[in-house]
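Encoded as structure tokens, the structure appears first; notes follow it.
Bear in mind these aren't lab numbers, they're just calculated from the coordinates by the rules spelled out. From a predicted model like this one, the values you see are computed outputs, not experimental measurements. Cβ placement follows ideal geometry from the backbone for every residue including glycine, while neighbour counts extend to all protein chains displayed.
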Amino acid sequence: MPRQTDFAKGVKVLHDGGVEFIIVGGVAAILNGLGYTTYDLDVVYSRDRANIQKLVRCLEPYSPYLRGAPPGLPFKFDERTVRMGLNFTLVTEFGDLDLLGEVTAIGGYPELLPLSREITAFGVRCRRANLEPLIRMKRAAGRPKDFEILAQLEALLEEREACPYASPEGPQC
């Protein structure tokens, strides 16, 4: 079983580093109210130059390395690497972090921004993707693990639409 990622630490590191990011994936599903277990933190990050610089600077103390890569593989997580790449599955000292420059069915940070909401999570203000784009991302990814929670996400969305005052803290209808 994979080691548990410290989601609070990862979000705080990005927040305190001034990084523009939006939480997606399993953690976003949880922050939308779904009971779910996930092992990594997935974020879509802004690819503008200043944001990439902040991203590299704030993660550097946590030794980011390609997840699943053999030890000793030459990999340097720096500004050039991030600019030349797009999506990175990393292991860090606080756990697994997926940095996504783009997500299937949505696009990049500018496209996801209006489909997200600012919330307080893990003690900081941050953004998380709304249910509708999460459903689109999971459906488009088409992996077995995505299909497993797709029905749950859709049911949660139906519940929210039936009870517009529902929140992750519980229905208020």
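Give all pairs with beta carbons closer than 6 Å in which a residue from region 72-101 that is within 26 Å of Ala8 (Cβ to Cβ) and touching a residue at least 40 places away in the same chain (Cβ under 8 Å) meets a residue that is polar (S, T, N, Q) and outside any loop (DSSP other than H, G, I, E, B); count only pairs at least 6 apart in sequence or on separate chains.
These pairs meet every condition: Asp98/Thr89; Leu100/Asn87; Gly101/Asn87.
Do we have Arg125 as of a type in the set (Lys, Arg) and closer than 21 Å to Gly17 by Cβ here?
When the stated conditions are applied, Arg125 passes them.
Select from region 1-33 the residues that are surrounded by 18 or more Cβ atoms within 10 Å (Cβ to Cβ), hydrophobic (A, V, I, L, M, F, W, C) and in a helix (DSSP H, G or I) and list them in ascending order.
Of everything in region 1-33, those that are surrounded by 18 or more Cβ atoms within 10 Å (Cβ to Cβ), hydrophobic (A, V, I, L, M, F, W, C) and in a helix (DSSP H, G or I) turn out to be Phe7, Val11, Val13, Leu14, Val27, Ala28, Ala29, Ile30, Leu31.
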